[in-house]
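The values are calculated or read from the model by the stated rules, or taken from the named source; none is laboratory data. This one's a predicted model, so the numbers in the text were calculated from it and none came from an experiment. Note that each Cβ is placed from the backbone with ideal geometry, even for glycine, and that neighbours are counted across all protein chains shown. Only protein heavy atoms, including side chains, enter the accessible area calculation; ligands, DNA and RNA are left aside. Shrake-Rupley method; radii C 1.70, N 1.55, O 1.52, S 1.80 Å.
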Amino acid sequence: LAYIGGGSKAWARVFMKDLALCEELGGEIALYDIDIPAARYNQIIGNKINEDPNCLSKWNYVVYEKLEDALKDADVVALSILPGTLDEMAVDVHAPEKYGVYQSVGDTVGPGGVMRAMRTVPIYEGFAKAIKEICPDAFVINLTNPMTICTKTLYDVFPEIKAIGCCHEVFHAENFLCCVAKEELKISRPDRHEIEAEVCGINHFTWITKAKYKDKDLFSLLPGFEEKFFETGYYEEKDDPFDFKSNPFAYGNKVKMDLFNRFGVLAAAGDRHLVEFMDRNWYLKDKETVEDFLFHLTSVDYRKKDRQEKIDKTMRLANGTELFNLNKSDEELIHIIKAYLGIKPHKTNANILNAGQVPFLPIGSVVETNILFDKGSITPIPATNPPVIVQNLILRNALNIEATYLGIKHRDLNEIFEAFANQPLLSGLTLKDARSLFNEMIMGTSICLDEYYDLSSI
């Protein structure tokens, strides 16, 4: 298993724990990262996991300094990188604020998503070419944002690739529905795997069009739940439903409930992601609107603080002053890998090229639906279409992502700008202001762009 981005401070640890608790799998984990010392720390931590008495599957962790060596003989490739640094992300997120444009995440769509895509796509072109040459039969799992455009790049460069984009945002919506069942049916909170949900859309703007718990239609319970919690909010991921008040990554699901009231279907991502796909005046007009809808504008300064805490934790885990808590996560990466290798079929949401499973979106665009994974097969499961007005919201963003990708592929700044200016978050900006912001953001992140684009015209 080749882990590209093997110096990760978050995803890699989750993956390593789940692999250690999966007795059906074993082998080598090839860690590759441009930050080689960070990969070596994960190697040390991986070897400590192997010594844990609860470890069911011991893995040989090897750090490779060249991508080609890490990919050699890989059965599975996981891609999980940070394109650029948090300094570039600070430009992505905060430069637009000068123009009254706020972003709560800034990594998928909107001005920040376009800039991040400009940095990421050229790197992914290289990954796809390397996989095609070295391990063309490998099963490839992308974990990097912007998820849709990364997955699109892999397939465009290497059409025969066996790749998916894997995201846990739909799980949050399923957990939210578990909270609805708990509160309205007066039962113990169900496990999200007991929720039967039909899913369709694009990553971070996926929608659940039908949902059941056992024989109960969960959408019929939402009005009663909202009557109690619409104004106060209700966060699904913690024992405390009001944890969102102090957690900058959390939210009160008020946006999700508002969208359900408007459209009758449930948006299946965290509120911080959802708001960036829609007209900025709806939920991101100003800080007062954000506060009213119970989510946060997560600052990059907070992300830097969080990252430093993760680095400090890495050091403690590596030197043994902190013990690794070997517990299984709620992620589904291991179940997907086991299913693809033929151990046990598994159904979950994932991102892949549209072959008609989402009929209102273009064939060949990357879409998110439920998928059945089985031995060597990836079978998308069509879902009931959302209302036409929701289709329209999704379609605009899907086409913007396609346009952004083509502009980056052609290395055409004017083509990219037209996709940039058409972002819903830039509604209300004049073309002059949109162009000024575009140029400022490019120059602010030029250290990551100079290699790929002719910036002389900026």
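Some observations on this one:
- Residues that are open to solvent by 30 Å² or more (accessible area, probe 1.4 Å) and free of Cβ contacts under 8 Å to residues at least 40 places away in the same chain, drawn from the range 395-420: L395, R396, L399, A403, L406, H410, D412, N414, E415, E418
- Contact annotation: residue pairs with Cβ atoms under 6 Å, 6 or more positions apart or on different chains, pairing a residue in the range 429-454 that is under 26 Å from K285 (Cα atoms) and part of a loop (DSSP other than H, G, I, E, B) with a partner that is charged (D, E, K, R) and open to solvent by less than 70 Å² (accessible area, probe 1.4 Å), are T445/E88.
- Answer residue from the range 364-381, given it is among the aliphatic types (A, V, I, L, M) and more than 17 Å from N397 (Cβ to Cβ) and is surrounded by the most Cβ atoms within 10 Å (Cβ to Cβ) among those: I371
- Odd one out for L284, checked against (1) out of contact with any strand residue (DSSP E or B) (no Cβ under 9 Å at 6 or more places or on another chain); (2) closer than 30 Å to R396 by Cα; (3) open to solvent by 10 Å² or more (accessible area, probe 1.4 Å): (3)
- Looking at G320, G270, G342, G264, just one residue is at negative phi and of a type in the set (G, A, S), and that residue is G270.
- Filtering the range 361-383 for residues that are of a type outside the set (S, T, Y), at positive phi and in a loop (DSSP other than H, G, I, E, B) leaves a non-empty set.
- Some residue of the range 10-17 being outside any helix (DSSP H, G or I) and over 30 Å from W282 (Cα atoms): yes
- K48 open to solvent by 50 Å² or more (accessible area, probe 1.4 Å) and either farther than 29 Å from G342 by Cβ or modelled with pLDDT under 95 (or both): yes
- Near pairs, Cβ below 7 angstrom, 6+ apart or cross-chain, from the range 57-74 (open to solvent by less than 50 Å² (accessible area, probe 1.4 Å)) to any residue that is in a helix (DSSP H, G or I) and of a type in the set (D, E, K, R): V63/R40
- For N392, the conditions (1) surrounded by fewer than 14 Cβ atoms within 10 Å (Cβ to Cβ); (2) part of a loop (DSSP other than H, G, I, E, B) are fulfilled apart from (2).
- Subset of the range 76-129 that is part of a helix (DSSP H, G or I) and among the acidic types (D, E) - its residue that is farthest from the chain's Cα centre (by Cα): E97
- Failed condition for M16, given (1) open to solvent by 20 Å² or more (accessible area, probe 1.4 Å); (2) of a type outside the set (G, A, S); (3) under 25 Å from the mean Cα position of the chain (by Cα): (1)
- Looking across the range 434-451, the residues that are over 22 Å from A398 (Cα atoms), open to solvent by less than 60 Å² (accessible area, probe 1.4 Å) and over 25 Å from the mean Cα position of the chain (by Cα) come down to S436, L437, N439.
- Set E226, E236, E231: member being under 23 Å from A350 (Cα atoms) and either part of a loop (DSSP other than H, G, I, E, B) or not small (G, A, S) (or both): E236
- No other residue among E276, E227, E236 is farther than 20 Å from E368 by Cβ and acidic (D, E) apart from E227.
- Residue check, T369 over 15 Å from C166 (Cβ atoms) and among the hydroxyl-bearing types (S, T, Y): no
- Within the range 215-237, residues that are closer than 17 Å to R189 by Cα and at pLDDT below 95 have Cβ atoms under 8 Å from residues that are of a type outside the set (S, T, Y) and in a loop (DSSP other than H, G, I, E, B) in these pairs: E237/A250, counting only partners at least 6 apart in sequence or on another chain.
- Taking the criterion of being over 16 Å from the mean Cα position of the chain (by Cα) and among the charged types (D, E, K, R), the residues of the range 148-173 that qualify are D156, E160, K162.
- The range 230-245, residues that are within 11 Å of L294 (Cα to Cα) and open to solvent by 60 Å² or more (accessible area, probe 1.4 Å): E231, T232, F242, K245
- Residues that are hydrophobic (A, V, I, L, M, F, W, C), surrounded by fewer than 23 Cβ atoms within 10 Å (Cβ to Cβ), in contact (Cβ under 8 Å) with a residue 40 or more places away in the chain and farther than 15 Å from K313 by Cα, drawn from the range 21-45: L21, C22, L25
- Test result for C200, within 25 Å of V358 (Cα to Cα) and modelled with pLDDT of 95 or more: yes
- Assessment of the range 205-214 against the conditions (part of a strand (DSSP E or B) and surrounded by fewer than 18 Cβ atoms within 10 Å (Cβ to Cβ)) yields at least one matching residue.
- Summed over the range 256-308, residues that are more than 20 Å from C167 (Cα to Cα) and part of a helix (DSSP H, G or I) total 25.
- Residue check, V140 in contact (Cβ under 8 Å) with a residue 24 or more places away in the chain and either in a helix (DSSP H, G or I) or open to solvent by 10 Å² or more (accessible area, probe 1.4 Å) (or both): no
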